[in-house]
Amino acid sequence: MKKPVRPTVWLRLIAGAVLPAFREAAAARRAMAGDAKPGLRALLLPTARDLESEAVARAHTALGYGTALRGAVILGAHDPASRGVLAHTADGTARFIIPELGFDRWLRLERGALRGGRGEPPAPADVTLSFPRWRTALAALRGELDEMAALGTGDLVISGSLPLADHLNLVLQRMADYFPPSK
Amino acid sequence: MNPPAPENSHYAESLRLFARASRVIPGGIYGHTSPALTVPGKFPYFAARAEGGRYWDADGNEFLDLMCGYGPIVLGHHHPEVEAAAEKQRRDGDCFNHPTEATVLLAERLTALTGLGWAVLGKNGADMTTWAVQVAREFTGRKKILRVRGGYHGAHAWCSPGHGGIIPEDRAHIHAFPWNDLDALRDLLARHRGQVAALIASPYHHPAFGDSVLPAPGYWAAAEEACRRDGVLLISDDVRAGFRLHLGGSHQAFGFTPDLVCFSKALGNGHAISATVGKAELKVAASRVFLTGSFWQGAVAMRAALTTLEILERDDGIGRMRRLGERFAAGLRAGAEKHGLRVNCSGPPAIPFMSFANDAGWQRQRRFCAEMARRGVFLHPHHNWFLCAAHTEADIDGALASADAAFALVAAGET
């Protein structure tokens with residue numbers, strides 16, 4: 001159920017999560033081989049047709065999760081719905097991994113406040129969320145994955161504290177309320 | 001016990017069925033039996049048959065069943081006397097245009113056992129907890145309901161632990177406080193004085209992803225007194241623990257006096273049935289709250305329930321489960337200590353749970369329960385366990401032998 005969004009939070013997300021995503025998208029674009037490089041819009045807000053390109057889809061997946069995790073930190077500080085969730089969540093560290101994309105980030109919750117980063121987290125992860133296949137991660141990012149079924153088939157692996165993963169997922173899902181994925 | 005089986009082949013048929021299920025069923029398997037809540041790939045997903053204290057999965061693996069269908073199986077799967085009573089009723093008919101005598105007999109039995117004034121019957125726990133909340137609102141004319149944070153009262157919108165499809169209005173008058181926290185309870189009562197219809201709580205706290213917690217000394221007496229002072233009804237959600245701790249309701253084991261008690265799970269030894277039993281003074285209000293379901297007068301489950309209660313009393317099934325549970329908990333503590341591990345054994349002996357100390361991410365717990373499953377002992381890593389009266393001392397000792405091997409692996413930190 002979609003909860004109300006706040007313009008002030010949306011502006012903070014633009015500044016703290018989306019603008020850095022543009023910089024990352026530009027870097028990703030520069031790193032792409034060949035002359036027919038996609039536009040930044042295709043990397044950040046791809047259409048279904050854009051995603052037919054594997055290079056675009058892979059880059060978008062990593063950019064999307066990076067943006068969502070940066071956004072979660074902002075939401076955890078300023079979005080009332082997210083703050084309400086985190087207020088009743090035990091402290092802990094979550095690691096997010098998409099091995100095929102070299103994606104390895106973390107979020108750490110301490111006394112209701114989130115921070116995040118890349119690579120090895122500052123404390124052993126209480127829960128690790130891993131997508132063995134990047135295509136599954138893309139489906140989840142676009143809200144097209146039956147996550148409970150994916151957990152049963154091993155397409156999504158959550159190892160550790162499920163409540164922490166569940167609550168952080170609620171915060172991450174708020175990004176879709178502020179920035180609905182394009183179709 | 002079964003010897004450890006090679007991983008990835010042990011549950012091949014379960015995994016095949018799940019792949020099919022996930023194409024046609026949201027989540028593949030939904031709710032509390034979802035593999036997502038265990039350790040996916042390391043537990044069976046689908047069952048095939050059961051007998052007594054054991055069951056067999058879709059791959060033919062045999063398990064000592066220490067979850068008992070998440071509680072309903074209290075005498076053992078396919079108990080011959082219960083099934084004979086059910087079968088006799090099945091031959092006479094189950095779903096009629098009217099209730100049968102079995103409805104009256106079961107209501108009489110439940111009121112006699114609990115000492116309360118009346119009973120109604122349904123099919124699921126949430127049917128009853130939701131209806132009991134309505135009865136409390138009807139009786140008091142008040143809106144608000146207090147509950148314990150992390151408590152489970154079913155999958156209806158006002159209380160579901162899920163997130164999807166819930167709107168804020170569903171819970172606008174539901175207020176939660178931490179278990180055993182009398183100050184928080186009194187604070188809520190003071191903040192909403194004259195508006196609270198009921199406090200609903202399980203007789204002891206049995207959260208998922210946490211140890212079970214018994215009421216602190218004096219907790220229930222003080223909570224009851226605080227509610228009485230404000231005209232707030234007390235609803236005991238005894239769906240999970242009912243008929244494993246005391247035949248008259250778990251509140252009798254913990255020494256408090258609820259106005260309404262909800263039962264289900266163990267009542268029918270696996271047959272779908274639930275009940276709410278209430279104080280006589282609430283009977284008129286109860287009569288005003290509409291209650292029905294197409295299958296709720298099913299006589300088969302009521303005959304099964306009558307027989308289950310009779311056998312539990314005749315054979316002291318509750319005493320037997322308690323003794324087995326004490327043996328199990330003592331053995332787990334000793335086994336863990338032998339391997340240098342610290343564990344918390346919590347909950348009443350008949351509804352035990354064990355977790356590892358310093359295991360915030362539940363990694364040791366998941367490893368331990370997965371190893372137990374490989375050895376033919378079905379335990380859940382994140383949900384309390386259940387014993388039944390069909391378990392034997394040899395079953396418990398066998399489980400402890402498996403635990404010894406599982407503890408060794410956990411202690412070695414092998415993954």
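Remarks
- If R0 equals 60 Å, the separation of the Cβ atoms of A:K2 and B:R314 corresponds to a calculated FRET efficiency of about 0.60.
- Qualifying trypsin sites (Lys or Arg not before Pro) in region A:1-46, DSSP loop, other Cβ atoms within 10 Å at most 11: A:K2
- Gaussian network model of chain B, springs between alpha carbon atoms under 10 Å - residue of B:T292, B:T130, B:T38 with greatest fluctuation: B:T292
- Each other residue within a Cβ distance under 11 Å of B:F386 adds +1 if Lys or Arg and -1 if Asp or Glu, for a net charge of +2.
- Electrostatic tally near B:E326: other residues with Cβ closer than 13 Å to its Cβ, Lys and Arg +1, Asp and Glu -1, net +4.
- Selection from B:P168, B:L199, B:P381 lying farthest towards where the dipole of chain B points positive, charges on Cβ: B:P168
- Max mean-square fluctuation residue, GNM over chain B, Cα-Cα springs under 10 Å, options B:A272, B:A172, B:A107: B:A172
- Only Cα pairs under 8 Å and 6+ residues apart enter the sum, and on that basis the relative contact order of region B:259-312 stands at 42 percent.
- 10 Å Cβ neighbours from other chains, averaged over peptide B:30-40: 4
- Only Lys, Arg, Asp and Glu carry charge here, each on its Cβ (+1 for the first two, -1 for the last two); on that basis the protein assembly as shown has a dipole of about 2100 debye about its Cα centre.
- ³J(HN,Hα), Karplus 6.51/-1.76/1.60, whole Hz, each residue of region B:265-279, x for Gly, Pro: 5, 5, 4, x, 6, x, 7, 6, 7, 9, 8, 10, 10, x, 5
- By the Kirkwood approach, averaging reciprocal distances over each pair of separate Cα atoms, chain A gets a hydrodynamic radius of 16.7 Å.
- Built amide H within the under 5 Å cut-off of B:L233, gap 5+: B:A198, B:L199
- Between amide H atoms placed 1.01 Å from N, distances below 5 Å from B:S274 occur with B:G122, B:K123, B:N124, all of them 5 or more places distant or on a separate chain.
- Among B:C227, B:L75, B:A280 the positive-end extreme of the charge dipole of chain B (Cβ point charges): B:C227
- Amide H partners (placed H, <5 Å) of B:H383, local residues excluded: B:F209
- Loop sites in region B:318-415: GluC sites (Glu not before Pro), DSSP, at most 14 other Cβ within 10 Å: B:E414
- Max mean-square fluctuation residue, GNM over chain B, Cα-Cα springs under 10 Å, options B:P203, B:P348, B:P168: B:P168
- Residue-by-residue Karplus 3J(HN,Hα) for region B:159-165, coefficients 6.51, -1.76, 1.60, Hz, glycine and proline x: 9, 4, x, x, 10, x, x
- In sequence order, calculated HN-Hα J values of region B:287-292 (Karplus, 6.51, -1.76, 1.60; Hz; x Gly/Pro): 5, 8, 9, 4, 8, 6
- Alpha carbon Rg of region B:80-314, scaled by the compact-globule rule 2.2 N^0.38 Å: 1.00
None of the figures in this text is laboratory data; all of them are computed from the coordinates on show. Given the structure is predicted, the values throughout are model-derived calculations rather than measurements. As a convention, Cβ positions derive from the backbone with ideal geometry for all residues, glycine included, and neighbour counts pool all protein chains shown.
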